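What follows is a set of notes on a single structure, which appears directly below.
The values are calculated or read from the model by the stated rules, or taken from the named source; none is laboratory data. Being a predicted model, the structure only gives us computed values, none of them experimental. As a convention, Cβ positions derive from the backbone with ideal geometry for all residues, glycine included, and neighbour counts pool all protein chains shown. What goes into the accessible areas is simple: the full protein's heavy atoms, side chains included, and nothing from ligands, DNA or RNA. Shrake-Rupley method; radii C 1.70, N 1.55, O 1.52, S 1.80 Å.
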Amino acid sequence: MLSVNHDAVGTWVTYLGYLLMGIGMFFTLFGKGSRFTEVNKKLNKLKKNKAAFLLLLLLGGGMAQAGPAQMQKSGPEQIIDVDHAALFGRVMVQDLDGRIKPINTLASEFLRKISGRPYFQLTQNGATVKLDANQTFLAMHVSAKYWEQVPIIKIDKKKLGTVYEDLKLGANGLISFQNLLDETGKYVFVEDVEKANQKKPAERNEFDKEVLKVDERFNILYNVFIGNYLKVFPNSLDENNTWFTYTHNFEDFPEEDGRFAKSIIPTYFSDVAAQNWEGASEKLGYISMYQNVLGKDIIPSDKRIAAELWYNDLNLNFWLFQVLFILGFLMLVLAMVKIFTQKKSVEYLWNILIILALLSFIVFAGNIILRWYVAQHAPWSNGYEMLIFVAWVLMLCGFLVFRKSDFALPLATLFSGALLFVSYLDWINPEITNLMPVLKSYWLKVHVATIVSSYAPLALSAVLGLMALVLMIIKTPKTKDRIDLKIKELSYINESSMTIGLFVLAVGTFLGGIWANESWGRYWAWDPKETWALISIIVYAIVLHLRFIPALRNTYVLNVASMFAFWSIIMTSFGVNYYLSGLHSYAAGGSSTNPSICLLSSSLYGYYCGMGVF
């Protein structure tokens, strides 16, 4: 199955095998005598026994009646008018991947990558002024020399050790572009970047990684200063729809277009520096008109542009991870309280939290749909989007089984919030980009959606296993009966969730084989990602069959195994992307520094520069 290439008959036989295995899995889930059905019957019976047990406790006036738980004058041109900056942010630009997007998106990407913050606080004349991404990005183009002195580059001196203890940081904990150059104008990290790039990723220590990160930010900032990212001019003679920055020579443009493109940006910057907002806005209108005429075939519609700007402004994932984390924690506390009391006030608060979680889930779904509309492709094409989708599906799983256990939805909500928090970190936050040609396949949507969907029930299985172990630890002779009931409940849901996750993971892997065959003419190549997907399937298959070994047929072994098994998924999802190279390397969640190096020289800058990937 794993090695047949360029064999039409063998390929179709393999596809048929995939289909029959998928059908077999379906009947395993829904067949009358299957293990999955048997576990669900036990769970339903357990719920009935639990109800009777609680009734006896209430009638007996025992533990259920326990009390409720307590629960500068220099550089005035830096203060860009915010309304004009917003207008500047609506102008279209072509990024390094060829995607046409508002400058607002590029500015937001740039500022978070450089400083790790979505805004920048500039201190002038003892006063602090808060600039948004549009204002900061525009100000840097207008006054590059001024911004060379401003501390804006994120750096962790602790990771650099004592080697660079003399580097001067600003009051905000950031470092300026100029402070990364020595007295001769030479870039201070020249040798260290070269050494780090010569090492394999797995061999790099904290010092190497930090040097490469700072190097990437430094080079991005340099390219902003020289205008390399402001690709706003389409060329009517270019068949590849390439856009160019204002520093281009424009000799390959039609003469009239070239004259306009060459002069409009410098005069626009002059108006901004003089705070002539009327003249500056007029020139932005000319640029937009130029773009709409020459780039009409690839410029997004007004609705998509508005949607992208709205998506950027909402920044819902940042707020959602906080909301979900808080809701999940509160529901988890109430689930623990409900073990000991069935008071109406607790039940009332529980229902309110469930409604809030449902509303958050609906908002979460809307945000994913909005991203899908903006990107014009399914939002699960890279590591960042995968985390978002897994978090959403995990919440969906929690809602599907929340009536079977009081712990299912709280744990799913809490873990979804944790995943959103991880996704928000700048090192795993790639932005919306055009897809590589191989990622435009129809099978991509089916394959990745299926694979990623499988991670949610497997993640739920892991957190249910962890919760069951916690209950085992806190169990006392007085609470033994009630907690044992909860442990059985969690264990049954754990096994069911693991079974579903394993089947969906297997089907997704088979679909990946079909996608690979359609894209590369072979459906298995022992690529690291493929290999680890197979390892994950084998690991979970072993865990689900441990019950056939009498000594291992207990809830403790099942829950411990479900926790450790999830590490195979973590390796498949993240470890392969960041530590192993292969055909799936395009799915890495964060950008890395390109080992290619170049020597940039000009009258203004004469220093070494390691090329960074933005």
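If the chain linking residue 242 and residue 278 were pulled fully straight, counting 0.36 nm for each residue of separation and taking away their Cα-Cα distance, it would gain 10.0 nm. Distance between the modelled labels on residue 313 and residue 145, one decimal in nanometres: 3.7 nm (7 Å Cα→Cβ projection). The orientation-averaged projection of the convex hull spanning the C-alpha atoms of the range 452-563 amounts to 7.7 square nanometres.
The length gained on full extension between residue 553 and residue 534, counted as 0.36 nm times the residue separation minus their Cα-Cα distance, comes to 4.4 nm. Calculate log10 I(q)/I(0) of the range 307-383 for q = 0.18, 0.21, 0.24 Å⁻¹, where I(q) comes from the Debye formula with a single equal point scatterer on each Cα and nothing for solvent. Normalising to I(0) and taking log10 leaves -0.78, -0.92, -1.08. For the residue pairs 145/168; 344/488; 113/262; 101/209; 168/231, alpha carbon separations beyond 22 Å are given by 344/488; 113/262; 101/209; 168/231. One Cα centroid belongs to the range 207-258, the other to the range 464-512; the line between them spans 53 Å.
Both radii are taken from the alpha-carbon atoms of the range 177-242; with Rh as the Kirkwood radius, Rg/Rh is 1.16. Here r is the Cβ-Cβ distance between residue 560 and residue 130 and R0 is 45 Å; the resulting FRET efficiency, rounded to 0.05, is 0.35. Would you mind classifying the range 259-326 by shape? Square roots of the alpha carbon gyration tensor eigenvalues, ordered a ≥ b ≥ c; an a/c under 1.5 is rounded, otherwise it is prolate if a/b is larger than b/c and oblate if not. Cα axes put the range 259-326 in the oblate bin. Note on surface exposure: 463, 272, 422 rank 422, 463, 272 by accessible area, highest first, 1.4 Å probe.
Protein chains only, probe 1.4 Å: how do 130, 478, 529 rank by accessible area, largest first?
Final ranking, largest accessible area leading: 478, 130, 529.
Stretched out straight at 0.36 nm per residue, the stretch from residue 567 to residue 184 would grow longer than its current Cα-Cα span by 132.9 nm.
Taking the average, over residues, of other Cβ atoms within 10 Å as the packing measure, peptides 545-553, 500-508 rank 500-508, 545-553 from highest down.
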